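Written out below as structure tokens is the structure these notes cover.
The values are calculated or read from the model by the stated rules, or taken from the named source; none is laboratory data. In this text, all values refer to a predicted model and were calculated from it rather than measured experimentally. All accessible areas refer to the heavy atoms of the entire protein, side chains included, with ligands and DNA or RNA removed. Shrake-Rupley method; radii C 1.70, N 1.55, O 1.52, S 1.80 Å.
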Amino acid sequence: MHFEFVCEGVTQGIKDLNVLSDVAVIFCVLTDNTEQQSIDRSGGIHGNKGTEAAIAALKMAYLRQQSKLNSKHSNLQELTTGQPQIEDQPRELHE
């Protein structure tokens, strides 16, 4: 039960941070039972969950930035390529 209580508390806290702050916050915790599961999820057969979490954080920061810009400038043109744009230069995110 301790695990469930901790996860619920962390999930609620992360949600609250996202609602109350302009900074996108995510969390990624591997709940592995064996060393092999850890290996498989950190570059093994299940990909790299750390890399996936970093990409998710970048995407959330980008979406938050675009949302903030759109609310300030109603005539802001949307990016037609779907790529993040920082300092007027398109950036690519590779998964």
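What region 1-59 shows is 74 Å² of accessible area per residue, with the surface traced by a 1.4 Å probe over protein heavy atoms.
Gain on full extension, evaluated as 0.36 nm per residue between Phe27 and Ser42 minus their Cα-Cα distance, stands at 3.8 nm. Here the 3J(HN,Hα) profile of region 15-23, calculated from phi with Karplus coefficients 6.51, -1.76 and 1.60 at θ = phi - 60°, is 4, 4, 4, 5, 6, 8, 10, 8, 9 Hz, Gly and Pro shown as x. Between the amide H of Asn48 and those of Gly43, distances stay under 5 Å, these residues lying 5 or more places away or on another chain, with hydrogens modeled in the peptide plane. Each residue of region 63-70 was assigned a 3J(HN,Hα) from its phi angle through the Karplus curve 6.51 cos²θ - 1.76 cosθ + 1.60 (θ = phi - 60°); the sequence is 4, 5, 4, 5, 4, 5, 5, 5 Hz, with glycine and proline shown as x.
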